[in-house]
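Peer 1: Please see the structure below; I have some questions.
The values are calculated or read from the model by the stated rules, or taken from the named source; none is laboratory data. Treat the numbers as computed from the prediction; the structure is a model and nothing was measured. Positions of Cβ are backbone-derived with ideal geometry, glycine not excepted, and every protein chain shown enters the neighbour counts. Just so you know, the surface numbers come from the protein's heavy atoms only, side chains and all, with ligands and any DNA or RNA stripped out. Shrake-Rupley method; radii C 1.70, N 1.55, O 1.52, S 1.80 Å.
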Amino acid sequence: GRVTGAPAPVAWPQWPRWQRCGVTMAVIVAALFVIEGIDAATDYRLDQAGIVPRSTDGLTGILWAPLLHIDFAHLIANVVPGAVLGFLLLMAGRFLAVTAVVWVVSGFGVWLTAPAGSVTVGASGIVFGWLTYLLVRGIFNRDFWQVLGGLVLFVVYGGILWGLVPAGGSVSWQGHLFGAAGGVLAAWVLAGSDRGGRGGADRGGPRSLTTT
């Protein structure tokens with residue numbers, strides 16, 4: 001017989017970071033569209049799994065609300081800025097930690113303060129949190145280039161912050177406000193590690209659906 005050497009390991013392509021971040025964000029966006037397709041196919045019954053304020057059963061909505069939207073127009077309105085901001089956050093390397101803080105703060109804030117009898121769905125609380133994190137992180141990190149990047153981002157997306165102002169209708173300004181607060185909190189909490197690195201439903205009456 002003949003002895004042969006071990007097979008050479010497969011050499012996977014080494015994608016640049018921006019490509020890996022872009023693919024990751026594309027997968028997240030695609031997943032949101034799949035969920036919305038399922039929601040539409042079930043006559044939008046999934047939306048009732050959103051945040052029901054001050055209801056013990058409604059606490060589970062904190063987990064599901066950012067994944068649900070009232071229709072595709074609502075989803076697209078969140079995805080357009082969200083894809084860009086999410087990509088930038090992935091490039092910054094703090095995606096999971098920042099998103100977790102924003103998700104909890106935004107959702108719990110809505111649960112505490114949203115109008116009674118409402119159900120809140122939508123990812124814009126997350127989008128607001130990503131934006132404020134990217135705007136202020138340079139201040140907490142004492143990083144000139146991050147501050148400069150935040151200023152550029154403010155020029156491009158600062159108009160979104162008008163959504164923090166209380167307004168009538170079905171838009172949940174509470175989700176926007178607490179999402180933004182979550183982004184600032186995440187920037188503050190993560191600042192030290194960044195520097196170190198560089199060195200059931202309510203059974204009452206009918207509910208109105210609000211969106212973030």
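Peer 1: When you scan the stretch 187-200, do you find a residue that is modelled with pLDDT of 70 or more and open to solvent by 40 Å² or more (accessible area, probe 1.4 Å), even just one?
Peer 2: For the stretch 187-200, residues modelled with pLDDT of 70 or more and open to solvent by 40 Å² or more (accessible area, probe 1.4 Å): present.
Peer 1: Wholly within the stretch 17-128, which helices (runs of 4 or more DSSP H) include no fewer than the required count, namely at least 2 residues that are within 19 Å of H176 (Cβ to Cβ) and open to solvent by 10 Å² or more (accessible area, probe 1.4 Å)?
Peer 2: Here the list reads 61-64, 72-92, 95-113.
Peer 1: With G175, G168 as the choices, which residue is at pLDDT below 95 and either surrounded by fewer than 21 Cβ atoms within 10 Å (Cβ to Cβ) or not in a helix (DSSP H, G or I) (or both)?
Peer 2: Among G175, G168, only G168 is at pLDDT below 95 and either surrounded by fewer than 21 Cβ atoms within 10 Å (Cβ to Cβ) or not in a helix (DSSP H, G or I) (or both).
Peer 1: For the stretch 147-165, name all the residues that are open to solvent by 30 Å² or more (accessible area, probe 1.4 Å), in contact with a helix residue (DSSP H, G or I) (Cβ under 9 Å, 6 or more places away or on another chain) and not hydroxyl-bearing (S, T, Y).
Peer 2: To start, the set of residues in the stretch 147-165 that are open to solvent by 30 Å² or more (accessible area, probe 1.4 Å) comprises 147-149, 151-152, 154-157, 159-162, 164-165.
Remaining after also requiring in contact with a helix residue (DSSP H, G or I) (Cβ under 9 Å, 6 or more places away or on another chain): 147-149, 151, 154, 156-157, 160-161, 164-165.
Scanning the stretch 147-165 gives V147, L148, G149, L151, F154, V156, I160, L161, L164, V165.
Peer 1: Looking at (1) under 17 Å from the mean Cα position of the chain (by Cα); (2) open to solvent by 40 Å² or more (accessible area, probe 1.4 Å), can you tell me which one I139 breaks?
Peer 2: It is condition (1) that I139 fails.
Peer 1: Kindly indicate whether any position in the stretch 83-97 is closer than 27 Å to G58 by Cα and among the aliphatic types (A, V, I, L, M).
Peer 2: yes
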